[in-house]
Amino acid sequence: MTRKQLSQRIAFSTFTLISLVVVAILFVILGFIIVRGASVISWEFITGKPEEGMTKGGILPAIVGTGCLIVGSMIFAFPVGVLSGIYMNEYLGQNRLRRFINFMTNNLAGVPSIVFGLFGMALFVNYLGFGDSIIAGSMTLGLLSLPVIIRTTEEALKSVDDSLRTGSLALGATKLQTIRRVVLPVAFPNIITGLILSIGRVSGETAPILFTVAAYFLPNLPQSMYDQVMALPYHLYVLATSGTNMEESRPMAYGTAFVLIVLVLLVNLLANLLRKTLSKRVKM
Amino acid sequence: MIQAEAKNVNFYYGDFHALKNISMTFEPSTVTALIGPSGCGKSTFLRLFNRMNELIGNTKLEGSVTVDGKDIYARDVQVDEIRKRIGMVFQKPNPFPKSIYENVAYGLRVNGTNKKSVLDEVVENSLKKAALWEEVKDNLRKSAMALSGGQQQRLCIARALAVEPHLLLMDEPASALDPISTSKVEDLIFELKQQYTIIIVTHNLQQAGRISDYTGFFYLGSLIEHDKTQKMFLNPADERTQSYITGRFG
């Protein structure tokens, strides 16, 4: 073997090894949660309320709470994010304003989530007077996921071939018609990707909901968007650090982690399926 | 009678002077070929007629461009109205990722026609004019993306014809096609000439010779010569035209 071939072989072995390590870490985490959590999972655990100082019973309120927060934050963030993305890619040229907005969006993505939590508390909970509520928490989480949605929308639109735009305009379509009838249908499956990514993030965030919506213990399901809820990540935190009987509630914590991970996986699968059907419909 | 006219047109991309004092007229039911080496301004000139150059920022136009006696750059003119009346076929076939039917119906739909009976009729007529009807009549709901390149280009021509344009602009419509598809498109252009005024940019001199009545030779942003095609090819007045046609540069 020549030196060139040898160094090539060493390089590729290293790359492979490192990739495998990354995959292995993921599997170890998943395996750990599954082994510890799966034994707790039962119908009662999924559909029941926490009982006896959260050492028995189930986590239904937290599941419902997280579901509410996912839906609520997407109702708020998806339209805003997609419309901003459209504005940036279709209406702004490559100019200063666009670079500025891009810069700010990137900065927004880099803001620690606890800061979002504080901001949400100051603006939604206190100033706007929503109190600790689903709406305050959803809006805070929505803000957090905006950069991802804006960015993926922009990228999705950028990947639409310009010849489709010119073709549409040449037939006398206005810019708005072109975007609505040609550009968006083509870009939509990729925009959905942004939604998937942000749902994954929203469902796992703890810090932003800490001061805006999350309840320590609230066995009743929410009645309106002004109610507080329990949420899976916060419930997990509570069980692991500040339960009344920590040793006894530990299995419940692993069970909660298990449910949270399965929930995220399910959402991803569902959204992936949606994206595939949509893009098949576009290409036919 | 004159269908379209450019008068003392100067066009700039930023500081670059792309078209230099060009005047040219186009008679109804004729095919005019625009030829010249790459970068000579012929495509830019073509795009003046449906104001596609405006899509690129930082351009400037001097002089006037009229279609059917109307200045299409006048202040009160709506640009989408202009583009509806002037069809364009591009170099690369660019069908929308929709069905064949919806591709042809698109121009009508965006202009507010949604009546099924009208659309059905226009779709059929346009596809017939574009010599594609026989090949697709049983598959109108099929995706346009499943057609071959040559069929896609004829679909794009049908799509342009559906809005009943007065003028048809073609930007190297056959350059991305195989020889058989190319000859189909050329036959089609010959047919369409009966009803439409066509301006076509082409790099293929034989093609220009075969299908056009008039030829304009562009060089470095200037219109060097514009005459009957036969005269241009057999007996050009300008030495540069002669050189280009005989393949000495370009």
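Laid out as a table, the results:
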| read-out | value |
| --- | --- |
| Top-ranked residue of region A:62-94 - restricted to ones that are part of a helix (DSSP H, G or I) and within 14 Å of another protein chain (Cβ to nearest Cβ), ranked as nearest to A:Glu154 (Cα to Cα) | A:Glu90 |
| The listed residue being more than 15 Å from the chain's Cα centre (by Cα) and surrounded by 23 or more Cβ atoms within 10 Å (Cβ to Cβ), out of B:Asn103, B:Asn139 | B:Asn103 |
| Output for region A:171-196, where each listed residue is away from chain B (no Cβ under 14 Å) and either among the aromatic types (Phe, Trp, Tyr) or out of contact with any Ser or Thr (no Cβ under 7 Å at 6 or more places or on another chain) (or both) | A:Ile192, A:Leu195, A:Ile196 |
| Count of residues meeting criterion [under 15 Å from the mean Cα position of the chain (by Cα) and within 14 Å of chain B (Cβ to nearest Cβ)] in region A:138-170 | 0 |
| Every residue from region A:232-284 that is touching a strand residue (DSSP E or B) at 6+ places or on another chain (Cβ under 7 Å) and either within 23 Å of A:Pro185 (Cβ to Cβ) or assigned to a loop (DSSP other than H, G, I, E, B) (or both) | A:Lys283, A:Met284 |
| Residues of region B:137-163 classified as small (Gly, Ala, Ser), touching a Ser or Thr at 6+ places or on another chain (Cβ under 7 Å) and either without any contact (Cβ under 8 Å) to a residue 12 or more places away in the chain or more than 11 Å from chain A (Cβ to nearest Cβ) (or both), total | 3 |
| Unmet requirement for B:Ser43, which otherwise passes all of (1) more than 20 Å from B:Ala208 (Cα to Cα); (2) within 14 Å of chain A (Cβ to nearest Cβ); (3) in contact (Cβ under 8 Å) with a residue 40 or more places away in the chain | (1) |
| The one condition in (1) more than 14 Å from the chain's Cα centre (by Cα); (2) crowded, with 24+ Cβ neighbours inside 10 Å that B:Met145 fails to fulfil | (2) |
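Here's the yes/no breakdown for (1) more than 15 Å from the chain's Cα centre (by Cα); (2) crowded, with 16+ Cβ neighbours inside 10 Å; (3) more than 30 Å from B:Lys98 (Cβ to Cβ); (4) hydrophobic (A, V, I, L, M, F, W, C):
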residue	(1), (2), (3), (4)
A:Pro189	yes, yes, no, no
A:Ser203	no, yes, yes, no
A:Val213	yes, yes, yes, yes
A:Tyr216	yes, no, yes, no
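Only the coordinates and a few stated rules stand behind these numbers; no lab work does. From a predicted model like this one, the values you see are computed outputs, not experimental measurements. Here Cβ is always computed from backbone atoms with ideal geometry, including for glycine, and neighbour counts include all displayed protein chains.
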